[in-house]
1. For a label point 7 Å from the Cα of residue 69 along Cα→C-beta, name the residues of the stretch 108-140 whose backbone N is under 15 Å from it.
2. In what order do 95, 61 fall by count of nearby beta-carbon atoms within 10 Å, going from fewest to most?
3. For each of 160, 136, count neighbouring Cβ atoms within 10 Å of the residue's Cβ, then give the residues from fewest to most.
4. So which trypsin sites (Lys or Arg not before Pro) in the stretch 104-137 end up in coil per DSSP with only 14 or fewer other C-beta atoms within 10 Å?
5. If you keep only loop residues by DSSP, which GluC sites (Glu not before Pro) in the stretch 53-151 have at most 13 other Cβ atoms within 10 Å of their Cβ?
6. Quick one: which residues, 5+ away or cross-chain, put their amide H under 5 Å from the amide H of residue 96? H built at 1.01 Å from N.
7. Long-range amide H contacts for residue 154: which residues qualify at under 5 Å (H placed 1.01 Å from N, peptide plane, sequence gap of 5 or more or a different chain)?
8. Most exposed first by the Cβ proxy, i.e. fewest other Cβ within 10 Å, how do 50, 114, 139, 149 rank?
Amino acid sequence: MYAHRDVRGYQGWIMRQAPVAGHYNGNLIERRYKVSTCPKREGSEPMATIHGIVVDCHDPLKVGEFWQEVLGWEYRRKGPGWVSLRDPEGLRPSLSFDRVPEGKTVKNRVHLDIRPVGRSRDEERQRLESLGATVLRLIDENPYDVHEIMADPEGNEFCLLEPL
């Protein structure tokens, strides 16, 4: 699947992933050449990095399509049981969606914070709602931290922050 080799770099270890494109269980997989550095403390082994964030859901295609539209990221893998998105710049961890049989029953213990780029929070909320998100509540107790808690089409919570 992946061709890895470690190269000792100036800033620490460099993980190189060879370019591969192919199919896995009939699903198109696209992998691009990517170089990422793992931070290293003086005199120690490389620290870990976050490779990806995985969200359990009932319909990965539907939820993946929503987040692809929200973020403008590329599909890394797209199939009925697993969808993975990648940052086109290769700077952020992947965001993936895994089919699970059970439905969502309680609040997520981990959520994403989304910050609008080039538009206001109100404009971004309207865009997200048009894509299938719903507003759960406005958090405005602190005037320096106003944000909205929203949910994707399957009810997974995320926060919509103010733009910088």
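1. Flagged as within label range: 124-135.
2. Least crowded to most crowded, the residues run 61, 95.
3. 136, 160
4. When the trypsin sites (Lys or Arg not before Pro) of the stretch 104-137 are filtered for loop state and at most 14 Cβ neighbours within 10 Å, 107, 109, 119 remain.
5. Sites meeting the loop and neighbour criteria: 89, 102, 141.
6. The list, which skips near neighbours in sequence, is 53, 54, 55, 85.
7. none
8. 50, 139, 149, 114
A short reminder: the numbers here are calculations on the coordinates, not readings from a lab. What you see is a predicted model; the values in this text were computed from it and never measured. Neighbour counts are summed over all protein chains in view; Cβ atoms, including those assigned to glycine, are modelled from backbone coordinates with ideal geometry.
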